[in-house]
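A short worksheet on the structure shown next.
What follows draws every value from the coordinates through simple rules; no lab data is involved. For clarity, every value in this text was computed on a predicted model and none was experimentally measured. Please note: Cβ atoms are built from the backbone with ideal geometry, for glycine as well, and neighbour counts cover all protein chains shown.
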Ligand code: NAD
Ligand code: DAU
């Protein structure tokens with residue numbers, strides 16, 4: 001790729017997107033990185049504070065659901081590639097308000113696909129998806145790239161639908177696409193509505209730790225920077241038209257994970273072991289709650305040579321330390337103050 005390579009990253013102000021933007025800014029100084037984000041409640045430009053003055057970084061506030069705006073943006077910039085992470089991402093919110101998920105995850109993705117296939121330029125469209133499209137496993141087995149789609153929540157149904165559209169644009173229009181389906185991520189800058197950051201914040205504040213149902217559901221956890229390294233590799237080396245599963249071979253029952261987190265936090269906070277566990281509170285189960293996700297990432301390992309850089313114990317320790325060093329970040333997110341960062345940094349330039 002040449003010195004003027006322009007890459008559009010959507011959803012770069014979110015949790016995973018911010019790690020991907022940072023990695024690309026640092027590793028590829030010759031690329032111009034355009035971060036397109038609507039700044040919904042999940043978008044936080046403070047996540048990118050350390051790199052947002054870099055000469056190869058550009059922020060664009062905008063909505064992928066707005067097809068006219070997307071077409072204009074592509075005419076203006078003629079991007080060389082797209083890494084698409086913008087989405088509504090929280091299952092519980094999708095149960096409360098499914099239509100937002102259809103708009104952003106399905107319509108927004110199709111708008112980007114339409115813009116990406118226009119003109120003569122061959123550009124790569126990389127769609128970031130989730131293991132939830134495969135549905136739920138029993139007590140054994142792993143999701144492979146051949147597993148049939150069987151989504152159960154409005155969130156996973158919207159992601160499955162967008163995956164189908166992306167493949168349809170490869171088959172129908174010959175668009176250069178790759179898709180990856182990743183398991184649960186954790187790490188710095190994770191919005192504290194999701195299990196791990198919510199629990200860290202609640203332990204810190206001595207608030208109840210809500211565990212859905214009996215806490216028997218299993219998730220396969222991957223450190224977010226290891227997902228970002230997989231995204232980098234797949235964007236550059238992934239075979240056109242292919243899907244790659246990404247996961248850490250790291251399954252945890254929710255209740256075991258919370259107990260382990262409680263112990264880690266007790267040590268870090270200098271509390272007597274067992275103190276935080278007393279905050280565990282079993283609450284009503286999530287509707288349609290998938291029992292178990294677990295990823296077979298052997299294709300990505302064998303074909304592209306990817307492997308995670310940290311064990312779960314190391315990753316969780318790094319994560320807890322990050323949150324305890326960045327309580328101000330947590331407080332600005334939970335108070336809503338983070339929403340002012342865009343106004344302060346971008347509207348008066
Ligand atoms: P997130 O909710 O933290 O961030 C999503 C970002 O997209 C936010 O910055 C938000 O402002 C932006 N956005 C939302 N709607 C938009 C719109 N209409 N136009 C432009 N921007 C919009 O999400 P995340 O956890 O970082 O997930 C990123 C992607 O990775 C999603 O596609 C998600 O499905 C996928 N994924 C997430 C996980 C996980 O564990 N978090 C695992 C596998 C795959
Ligand atoms: O598997 C990948 C998916 O992982 C991503 O596609 C999603 O965007 C991401 O949000 C995540 O989905 P989950 O539903 O698995 O994540 P969440 O953190 O919401 O929940 C993890 C597990 O913990 C799940 O079994 C529900 C449970 N849970 C969650 C919350 C928020 C609780 O028991 N209590 C809680 O308060």
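Using a Gaussian network model of the chain in which every pair of alpha carbons under 10 angstrom is joined by a spring, one finds that among 243, 147, 264 the greatest mean-square fluctuation is at 147. Rounded to the nearest 10 degrees, the angle from helix 312-325 to the longest Cα principal axis of the chain is 90 degrees. Legend: calculated FRET efficiency, residue 78 to residue 347, from the Cβ-Cβ distance at R0 = 22 Å, rounded to 0.05, equals 0.25.
When DSSP beta bridges are limited to those with both residues in the chain, what percentage is antiparallel, rounded to the nearest 5? Restricted to the chain, the bridges split so that about 5 percent are antiparallel.
Among 108, 288, 62, the largest mean-square fluctuation in a Gaussian network model of the chain, built with springs joining Cα atoms closer than 10 Å, belongs to 288. Note on segment 31-56 and segment 180-198: Cα centroid distance 18 Å, given to the nearest whole angstrom. Peptide packing for 172-179, 337-344 was compared via the average number of neighbouring C-beta atoms within 10 Å per residue; ordered from the highest value, the list is 172-179, 337-344. For segment 34-147, relative contact order (Cα pairs under 8 Å, six or more residues apart, normalised by length) works out to 26 percent. With axes computed from alpha carbons, what is the tilt in degrees of helix 154-173 against the longest principal axis of the chain, rounded to the nearest 10 within 0 to 90? That helix lies at roughly 20 degrees to the long axis. Using the average count of surrounding beta-carbon atoms within 10 Å as a protection proxy, the listed peptides 64-71, 151-158 rank, highest first, as 151-158, 64-71. In percent, rounded to a whole number, the relative contact order of segment 64-205 is 27, using alpha-carbon pairs under 8 Å and six or more apart.
Against the chain, whose longest principal axis comes from its Cα atoms, helix 254-269 is set at around 80 degrees.
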